[in-house]
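The values are calculated or read from the model by the stated rules, or taken from the named source; none is laboratory data. None of the values given here were measured: they were computed from a predicted structure. Here the Cβ positions follow ideal geometry from the backbone for every residue, glycine too, while neighbour counts run over all protein chains shown. Surface areas here come from the heavy atoms of the whole protein model, side chains and all, with no ligands, DNA or RNA. Shrake-Rupley method; radii C 1.70, N 1.55, O 1.52, S 1.80 Å.
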Amino acid sequence: DGYYNLDVTGRGYASLGQRLTVFGGTSNHWGGHSHPLSEAIFDNRKGFPGWPITYQDYALHLPEAMAWLSLGPFEKHPGSTGIERDLIAHAQNLKALHFQFSNPIRRFGDQATQQHYAAAPNIDVVLNTRVIDIVLADGGTAVKQIDMFNLPSKKTASVPVKQLFLCTGGIENARLMLWAARKYQAGNPLGGGPNKLTGKYFMEHPSLSPVEIYFDGRADISALGPHMAEGRMVNIVLSAGDDFLDKHELPRFGMHFQDQAQDASNDVEI
């Protein structure tokens, strides 16, 4: 009771009850909306540090990931819709990204996926169990062990750690780290170092609405909303070009349209 009750003291947020504490996490209500990452985000640029891996490291696994997610080829027919032909054909700083919805949508918590990992010889799948504490080694620079609690048996256990990956989501990662930081001096890495940054930032998809675009009647904008194409549900997201974003030191973003009736709660107007 109360597990999902959180107070957001910054920008208003409708609900925080969309997390799933189950095998596969919130992928179990994922909509399958996908597009490959841009090469540009892996590079360092002014104000925006790149990733610690290269695009080539990522692209190596992209075909396997796309097949696993039941995705077809991207950008198969560039310029094939009215968006490219009419709306942005002469735009210097605007491009169209063709997003896909997985078909079928992959649920990482389904029975087949659970059985796949449970059968792996080098993986132990532990269900109905919560990590309740993180213990640092002497000096506080590395994790020594994690403490776990099994809900059905009410038993606890400690597991020694060589490498620890926290994959519980932006909110639960911060909650767990802050709880584990309580027993150490201020400035410890679990609490966010000397500036105590853990939990200070709410991770979400930032959005602004509405964006006003005026049409003169010559553009076919039907592809801006979800539609069927070659047996798949797709839609187009408009994006500024990488050169434009770099020149103006802007983060990467996309613009998409939603039906006013479907999104009336967010005051989106088109």
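Among the residues of the range 238-248, is any in contact with a Lys or Arg (Cβ under 6 Å, 6 or more places away or on another chain), assigned to a loop (DSSP other than H, G, I, E, B) and modelled with pLDDT of 85 or more?
Yes, there is a match, as at least one residue in the range 238-248 is in contact with a Lys or Arg (Cβ under 6 Å, 6 or more places away or on another chain), assigned to a loop (DSSP other than H, G, I, E, B) and modelled with pLDDT of 85 or more.
Out of the range 50-87, which residues are within 21 Å of ALA40 (Cα to Cα) and either among the acidic types (Asp, Glu) or open to solvent by less than 80 Å² (accessible area, probe 1.4 Å) (or both)?
If the condition is that a residue be within 21 Å of ALA40 (Cα to Cα) and either among the acidic types (Asp, Glu) or open to solvent by less than 80 Å² (accessible area, probe 1.4 Å) (or both), then GLY50, ILE53, THR54, TYR55, ASP57, TYR58, ALA59, LEU62, ALA65, MET66, PHE74, GLU75 are the ones that fit.
Is it the case that GLY72 is under 26 Å from the mean Cα position of the chain (by Cα) and within 17 Å of ILE236 (Cα to Cα)?
The answer is yes for GLY72.
When you scan the range 82-128, how many residues do you find that are assigned to a helix (DSSP H, G or I) and without any contact (Cβ under 8 Å) to a residue 12 or more places away in the chain? Talk me through it step by step, then tell me what you get.
Taking the range 82-128 and keeping what is assigned to a helix (DSSP H, G or I), we get 82-87, 111-118.
Those still in the list that are without any contact (Cβ under 8 Å) to a residue 12 or more places away in the chain too: 111-112, 115-118.
Qualifying residue count, the range 82-128: 6.
I need a count of the residues in the range 94-138 that are modelled with pLDDT under 90, under 23 Å from the mean Cα position of the chain (by Cα) and under 30 Å from ASN188 (Cβ atoms).
The qualifying residues number 0.
Quick one: GLU230 ticks every box in (1) open to solvent by 80 Å² or more (accessible area, probe 1.4 Å); (2) modelled with pLDDT of 85 or more except a single one, so which number is it?
It is condition (2) that GLU230 fails.
Can you tell me which residue in the range 151-176 is surrounded by the fewest Cβ atoms within 10 Å (Cβ to Cβ), limited to those that are under 28 Å from the mean Cα position of the chain (by Cα) and more than 27 Å from TYR201 (Cα to Cα)?
Residue satisfying both the conditions and the ranking: LYS162.
Is it true that some residue in the range 159-176 is assigned to a loop (DSSP other than H, G, I, E, B), farther than 23 Å from GLY25 by Cα and without any contact (Cβ under 8 Å) to a residue 24 or more places away in the chain?
Looking for residues that are assigned to a loop (DSSP other than H, G, I, E, B), farther than 23 Å from GLY25 by Cα and without any contact (Cβ under 8 Å) to a residue 24 or more places away in the chain, one finds at least one in the range 159-176, hence yes.
Among the residues of the range 14-69, write down those that are of a type in the set (D, E, K, R) and within 20 Å of ARG232 (Cα to Cα).
GLU64
Given the residues LEU20, LEU16, which is the only one that is under 28 Å from GLU172 (Cα atoms), surrounded by 11 or more Cβ atoms within 10 Å (Cβ to Cβ), modelled with pLDDT under 90 and touching a Ser or Thr at 6+ places or on another chain (Cβ under 7 Å)?
Details: LEU16 fails: touching a Ser or Thr at 6+ places or on another chain (Cβ under 7 Å).
It is LEU20.
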